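The values are calculated or read from the model by the stated rules, or taken from the named source; none is laboratory data. No experiment lies behind these values; they were computed from the predicted model shown. Please note: Cβ atoms are built from the backbone with ideal geometry, for glycine as well, and neighbour counts cover all protein chains shown. Calculation scope for accessible area: heavy atoms of the full protein, side chains included, ligands and nucleic acids excluded. Shrake-Rupley method; radii C 1.70, N 1.55, O 1.52, S 1.80 Å.
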Amino acid sequence: MKQYSWIAGALVAGALVCSKAEAAPENYGLVSVGYTDFEFDGGSDREVAYSVAYGHKIHRQWYAEAGYLNLFDYSDDGTEAEGEALYLAVLGKAGSTTGELFYKLGVARVDVAATIPCGTETASTSCSFDNGIAAGLIGLGFDYYVSQNSMVRFEYTYIGGEDSFSTNMLSLGFRYNFN
C-alpha cells in the first residue's frame, strides 16, 4: 500500500495545480499509435502500442495530461502477456509558429498480466500472475500544427518501475484542441 501513496500524493498535487488554472483553459484529446520495446522480470519483446489521453492547459507553458497506454499484448508458444498503464503527467512546452516542443514528467500505474507454461513435459500446466507496478514516466516530443485545432504528435516516452519493468515507446498521434 505504501507504494501507491506517492501516486495518490501526485494526483492531489495535480488537482491543486489544475484548480489555479487560467480563466480560459485549453483542453485537448490525443490518440496515438506506436512501437514499444519492453522488459519485465527477465523477459522482453517489441510490440505495437496505442494510447489515448486528455490534456488541460494550466499555464501558458504547462499542461496536465492524464491517459491510458496499451503497452503490449503478447502471445507466443503458450505464453500470453498484457501490459496496460494509467498515467498522470505534467508537460512543459515551448511554442513556435510550426508547433510545440514539449517534455513530459509523470507517474504511472502499470498492470502486467501473464499466463506462462510451467511444470514438466509429462505434467504440463500453466501459471499466471497479475502485477500492479508503480512507475515513473519521462518523455520528449513535438506537436506539429496541421490547422488551428489539429496537431500531429511525434513522441518518445520511457517508463521505468518496480520488478525491473521498463519500456521505450515511439509514437505518432493526432491531437485535437477543443477550445
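Structure values in brief
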{"quantity": "Charge context of ASN179, other residues only, Cβ under 11 angstrom, K/R +1, D/E -1", "calculated": "0"}
{"quantity": "Radius of gyration, Dmax [region 38-114; alpha carbons; angstrom]", "calculated": "15.9, 51"}
{"quantity": "Which of SER150, SER75, SER96 is most accessible, then next, and so on - probe 1.4 Å", "calculated": "SER75, SER96, SER150"}
{"quantity": "Loop GluC sites (Glu not before Pro), region 73-138 (other Cβ atoms within 10 Å of the site Cβ: 14 or fewer; DSSP)", "calculated": "GLU121"}
{"quantity": "Distance between region 91-109 and region 128-179 - C-alpha centres, whole angstrom", "calculated": "11 Å"}
{"quantity": "Stretchable slack from THR115 to LEU170, in nm (0.36 nm times residue separation minus alpha-carbon distance)", "calculated": "17.1 nm"}
{"quantity": "Computed FRET value (nearest 0.05) for SER44 with PHE129, which takes r as the C-beta separation and R₀ as 22 Å", "calculated": "0.85"}
{"quantity": "4 °C / 1.567 mPa s Stokes-Einstein diffusion coefficient of region 82-165, Kirkwood radius on C-alpha pairs, µm²/s", "calculated": "83 µm²/s"}
